[in-house]
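Written out below as structure tokens is the structure these notes cover.
The values are calculated or read from the model by the stated rules, or taken from the named source; none is laboratory data. Just so it is clear, the structure is predicted and the values come from calculations on it, not from any experiment. Heads up, the Cβs are rebuilt from the backbone with ideal geometry, glycines too, and the neighbour counts pull from every protein chain shown. These area figures cover heavy atoms from the full protein model, side chains too; ligands, DNA and RNA do not enter into them. Shrake-Rupley method; radii C 1.70, N 1.55, O 1.52, S 1.80 Å.
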Amino acid sequence: MPRQPRFSKDDIVAAGLRIVRACGFEAISARTLGKELGTSSSPMFTMFKDMNEVTEAVRIAAEKILIAKMDGLTDYFPAFKEFGLRLVSFAKEETNIFQMLFLRNDASLEIVENFARECLSSTEQGYGLTPEQAEVLFRQMWPVVCGIAALCIKHPEDFPEEEVSKTLSYHFSGIMSIIKSGREVEDVKPHIR
């Protein structure tokens, strides 16, 4: 009778998440997983086809952590601001997971963009925006939110929650004011004095 595996897939994925949290995504290898589990690297390959399958399972588990962080966003108004505050908080609390999910060359922003769009739909209804106006709001706020979150990775102390909240409010209010006024924004070009 074949020997029962000592570790489950969930055990291996949890070990991968611990490694990511402590050392970053690039630190995951069969050797580091084996060390984290107190075994050789061979148990990984009785449960997973290869390291790509292991790292994909770790990425999916990391997305679930983000999903849990974003739960109930649309209970807030404006939901998009709550989204921004939570994304920045996630970047501060889960720096290496944030980097893995958003700042790698092969990163996909689809999951977080879906949350942002869900919040934006709520904001669209609450502020009486047309779908086109909501898209303008999204396109202007999205880089602000992601930029602040990315800046928090190196110096989270420079971005206390109150400051982040105020910054998001300034941008949101300014963009909403322009959208509601119906005027076009002048594309200011730099010029030599």
- Filter pass, ALA79 being crowded, with 19+ Cβ neighbours inside 10 Å and either more than 14 Å from the chain's Cα centre (by Cα) or of a type in the set (Ser, Thr, Tyr) (or both): yes
- Counting only residues that are within 24 Å of ILE153 (Cα to Cα), more than 18 Å from the chain's Cα centre (by Cα) and open to solvent by 30 Å² or more (accessible area, probe 1.4 Å), region 6-22 contains a total of 1
- Please find, within region 82-94, the residue that is farthest from ASP71 (Cα to Cα) out of those that are without any contact (Cβ under 8 Å) to a residue 60 or more places away in the chain and crowded, with 17+ Cβ neighbours inside 10 Å. PHE90
- Quick check, is PHE83 closer than 21 Å to THR167 by Cα and either in a loop (DSSP other than H, G, I, E, B) or of a type in the set (Lys, Arg) (or both)? no
- Do any helices (runs of 4 or more DSSP H) entirely within region 95-178 hold 1 or more residues that are more than 14 Å from the chain's Cα centre (by Cα) and surrounded by 15 or more Cβ atoms within 10 Å (Cβ to Cβ), and if so, which? 110-127, 131-151
- region 28-51: number of residues that are part of a helix (DSSP H, G or I), surrounded by 15 or more Cβ atoms within 10 Å (Cβ to Cβ) and at pLDDT 90 or above: 7
- Query: Among the candidates THR74, THR32, THR55, which residue alone is in contact (Cβ under 8 Å) with a residue 12 or more places away in the chain, in contact with a helix residue (DSSP H, G or I) (Cβ under 9 Å, 6 or more places away or on another chain), of a type in the set (Val, Ile, Thr) and closer than 30 Å to SER121 by Cα?
  - Reply: THR74
